[in-house]
Amino acid sequence: MKYVKMYKTKFDLLEFISKLPKAELHLHLEGTLEPEMMLEKAKKNGVKLPYNSIEDVKKAYRFKDLQSFLDLYYLGVSSLVDEDDFFDLAYAYFKKASSQNVKRAEVFFDPQAHTRRGIDFSTVIKGIYKAAKKAEDELNVSVGIIMSFLRDMPESSAEETLEQALQYRKWIIGVGLDSKELGNPPSKFERVFKRAREEGFIAVAHAGEEGPAEYVWEAIKLLKVSRIDHGYHILDDPTLTEKVSQEKIPLTTCPLSALKLNHITPLDKFPIKTMLKLGMIPTVNSDDPAYFGGYLNENYYQIAKVLKLSASDLATLAKYSIMASYIQYDKKVDLFNIVDETYCEIF
Ligand code: ADE
Ligand code: ZN
């Protein structure tokens, strides 16, 4: 009998990653504002920015830490003013996501980054929602919109934001917590999260990105989140590590973000293999791709290369992203099957 070659020994990494259906669970729409669009919108809206060219903008993208990034991020969003601006921003991202085989995108937006400079909540959400609807109809990307409260603003401002969101209740699946973490623990937002959960929003929060494990405990116990965004400092606390892995609380990790904000350098220290070994549910995400040098596939690719992840690891990570998303069960099963088919194709 003739020898049948069972396994290909090599596979093209980027091609395999591109083919895997994936969910993006940690992406700030404002963090997808590419320098070209920023300058174009600033010109259209008469907004003054301290940049004369795209090169100027890119040169400014060297970050010391989270705050030095946030300063530029909030400056950049000031170029967005009307509903069309928010539509264009969101739709450009959904097109990119679709081209990378992202089948589900759960995207954050920061209402207070706009309302505090005089833009109506309704202007922002209407533009984003229209783009999401069009992406679902025309790009085959399922979308969930999560509104994030800025944790460096008072809880009363988050409560006002929640109030403004209630008339758009059907368009928004959840609430999140972002911006400057250190000094702004989850406990500051216990009441507004309780109210949001009572209104039927799911709850997630950035925790353990730059803040200590204690903030992750608070996010779980006080905010009752069903996912942790980032969560790197969980690993500093063995009891918390055990809890997160036992209870299968998913983590939305962001490799290039952690690298560019100097949370974890070099990239080979990124703890995703450790998390997998410990039975945790890490996922790969892009956070603010216009600022950190890569959308979802680039995040998978960089981390796979540096950590020598196997095809099986990558398929697991794609499955975890689907599992940790808030889409319906039958859709999860369909996407799981496509991951398996894609995996089988390389053998
Ligand atoms: N807002 C946008 N990106 C963020 C991040 N990585 N951490 C906290 N807040 C953010
Ligand atoms: Zn984030």
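Read-outs: derived from the displayed coordinates by stated rules, not from any lab. From a predicted model like this one, the values you see are computed outputs, not experimental measurements. Counting neighbours? That spans all protein chains shown, and the Cβs are built from the backbone with ideal geometry, glycine included.
Brief remarks follow.
- Annotation: lysines with alpha-carbon distance below 18 angstrom to LYS134 (same-chain offsets under eight excluded): LYS95, LYS96, LYS103, LYS126, LYS170.
- Distance in nm between pseudo-label sites at GLU36 and ASP137 (7 Å out along the Cβ direction from Cα): 2.6
- For LYS305, the aspartates and glutamates whose Cα comes closer than 16 Å to its Cα, not counting residues fewer than 8 places off in the same chain, are ASP12, GLU15, ASP268, ASP313.
- For the stretch 178-258, GluC sites (Glu not before Pro) are listed when DSSP marks them as loop and at most 15 other Cβ atoms sit within 10 Å of their Cβ; the list is GLU199, GLU247.
- Kirkwood hydrodynamic radius of the chain, Cα pairs, Å: 20.5
- Given R0 = 56 Å, the distance between the Cβ atoms of SER156 and GLU345 translates into a calculated FRET efficiency of 0.55.
- In straight-distance terms, cross-link reach from LYS221 covers every one of the lysines whose alpha-carbon lies under 16 Å from its own, apart from those fewer than eight places away in the same chain; here that gives LYS188, LYS194, LYS243, LYS248.
- For the pair LYS194 and ASP82, the difference between a 0.36 nm per residue extended length and the Cα-Cα distance amounts to 37.2 nm.
- Reduced Cα scattering model of the stretch 27-141, Debye log10 I(q)/I(0), q = 0.13, 0.17, 0.21, 0.22 Å⁻¹: -0.50, -0.85, -1.21, -1.28
- Residue-averaged [θ]222 nm for the chain, counting only DSSP H segments that reach four residues, each worth -39500 (n - 2.57): -14500 deg cm²/dmol
- Estimated FRET transfer efficiency when R0 is 25 angstrom, pair PHE11-VAL333 (beta carbons, to 0.05): 0.50
- Note on LYS43 and GLU163: with the Förster distance fixed at 45 Å, the Cβ-Cβ geometry gives a FRET efficiency of about 0.85.
- Residues listed by number, the stretch 261-288, amide nitrogen under 18 Å from LEU75 label point at 7 Å toward C-beta: 261
- Relative exposure of PHE336, PHE347, judged by other C-beta atoms within 10 Å (fewest first): PHE347, PHE336
- Ranked ARG116, ARG62, criterion: other C-beta atoms within 10 Å, fewest first: ARG62, ARG116
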